[in-house]
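To start, the structure under review is shown below, and the notes come after it.
The values are calculated or read from the model by the stated rules, or taken from the named source; none is laboratory data. The structure displayed is predicted, hence computed values, not measured ones. Here the Cβ is made from the backbone with ideal geometry for all residues, glycine too, and neighbour counts use every protein chain on show.
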Amino acid sequence: MTSRRSLLTTALLTAMPIPVLAQRAMRISVWRDPNCGCCTGWVAHLRAEGFAVSDQVVPSVAPVRRRLGTPADLLSCHAGEIEGFVLEGHVPAAAIRRLLVERPEGVRGLAVPEMPVGSPGMEVPGAPVDSYDVIAFGSGPHRPFMRFNGPNPA
């Protein structure tokens, strides 16, 4: 016997578009320094893109990076983790979604080293945007995963 609540839940879920359902399942843990404004911009970008963000302010991100295995040459200002993948720096939502769909073999995570102007959280009104690569890392050498010109894929 099916309850009214089960029927209502099923009806509501089937009425939602698939991307909404998929985004609800995407939870990102973020670790950031309490004094960094661009980190809050990246968190806002992720939330605006439909991710559920666990925003954890920590006195030092270094212990988290060691636990996650983030390569020292790819460091930026904050770290993240989603579905077992590591994120470092201002990684755009489009790159994260592609990573989760493709799940490339040998890739442990994505990084945007340094802090390119125009990347999510690094928008500077009136300033020209940088072109930058999202770098995939894991087994083997680091490699470009996606190229962006500001917020847009290049």
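Among residues that are within 20 Å of Arg65 (Cα to Cα), modelled with pLDDT of 95 or more and in a loop (DSSP other than H, G, I, E, B), Val91 is included. Checked against (1) closer than 18 Å to Ala154 by Cβ; (2) not in a helix (DSSP H, G or I), Arg97 meets all criteria but (2). Across segment 124-143, not a single residue is classified as among the charged types (D, E, K, R) and under 15 Å from Val30 (Cβ atoms).
Within segment 121-154, being out of contact with any strand residue (DSSP E or B) (no Cβ under 6 Å at 6 or more places or on another chain) and charged (D, E, K, R) holds for Glu123, Asp130. Within segment 113-152, the residues that satisfy the criterion of being touching a residue at least 60 places away in the same chain (Cβ under 8 Å) and outside any loop (DSSP other than H, G, I, E, B) are Ile135, Phe137.
Residues checked against (1) surrounded by 22 or more Cβ atoms within 10 Å (Cβ to Cβ); (2) in contact with a Phe, Trp or Tyr (Cβ under 8 Å, 6 or more places away or on another chain); (3) not small (Gly, Ala, Ser):
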site	(1), (2), (3)
Val58	no, yes, yes
Arg66	no, no, yes
Cys77	no, no, yes
Arg98	no, yes, yes
Gly106	no, no, no
